[in-house]
Amino acid sequence: MHYTKPFPDQIDKIFRDHFRKWPRRFKWTVFFCFFFPAFSYAANTHSTVDPSFLTIIVILFCGINALVVIWGLKLNSFAQRCYWHRNYHIGGATTLALVPLGILVLQYTKYCL
């Protein structure tokens with residue numbers, strides 16, 4: 001059997017993953033999104049925040065979490081097109097990003113309406 005060798009300028013580029021930083025940043029962003037419901041719950045239980053301001057805070061946090069979910073969906077679709085989705089579990093992290101969004105929606109319907 002005859003194996004082909006890469007061109008000399010492609011030896012270092014064969015297995016280099018230039019997108020490794022984006023799934024890692026996405027996972028850290030999802031991790032920090034879990035603090036948003038805790039912040040809004042703490043602001044609600046201590047009654048130090050005006051209810052109208054609490055509504056603004058919850059809506060802002062919901063918007064940020066929705067953007068993180070959209071970013072995860074776009075990152076997952078791009079990963080499937082470029083065949084580097086096997087090692088990073090972007091779909092699982094996107095599903096996990098729905099949890100704080102659901103908690104914030106629940107807090108909005110329970111405390112702010």
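The values are calculated or read from the model by the stated rules, or taken from the named source; none is laboratory data. Treat the numbers as computed from the prediction; the structure is a model and nothing was measured. All Cβ positions, glycine included, derive from the backbone under ideal geometry; neighbour counts span all protein chains shown. When the accessible area is computed, the model is the full protein with side chains, heavy atoms only, and any ligands, DNA or RNA have been set aside. Shrake-Rupley method; radii C 1.70, N 1.55, O 1.52, S 1.80 Å.
Looking at the structure I just gave you, is Thr4 polar (S, T, N, Q), modelled with pLDDT of 85 or more, at negative phi and over 20 Å from the mean Cα position of the chain (by Cα)? So Thr4 does not fit the description; no.
Contact map, the stretch 29-54: residues that are more than 11 Å from Tyr111 (Cβ to Cβ) and among the aliphatic types (A, V, I, L, M) paired with residues that are open to solvent by 50 Å² or more (accessible area, probe 1.4 Å) and in a helix (DSSP H, G or I), Cβ distance under 8 Å, separation 6+ or inter-chain. Pairs shown: Val30/Leu96.
Please indicate, with yes or no, whether at least one residue in the stretch 80-97 is surrounded by fewer than 20 Cβ atoms within 10 Å (Cβ to Cβ), within 24 Å of Ala42 (Cα to Cα) and at pLDDT 90 or above. There is at least one residue in the stretch 80-97 that is surrounded by fewer than 20 Cβ atoms within 10 Å (Cβ to Cβ), within 24 Å of Ala42 (Cα to Cα) and at pLDDT 90 or above. Quick check, is Ser47 among the polar types (S, T, N, Q), over 18 Å from Ala93 (Cα atoms) and in a helix (DSSP H, G or I)? For Ser47, the condition - among the polar types (S, T, N, Q), over 18 Å from Ala93 (Cα atoms) and in a helix (DSSP H, G or I) - is not met.
Please determine whether any residue of the stretch 20-39 is polar (S, T, N, Q) and at pLDDT 80 or above. Yes: one or more hits.
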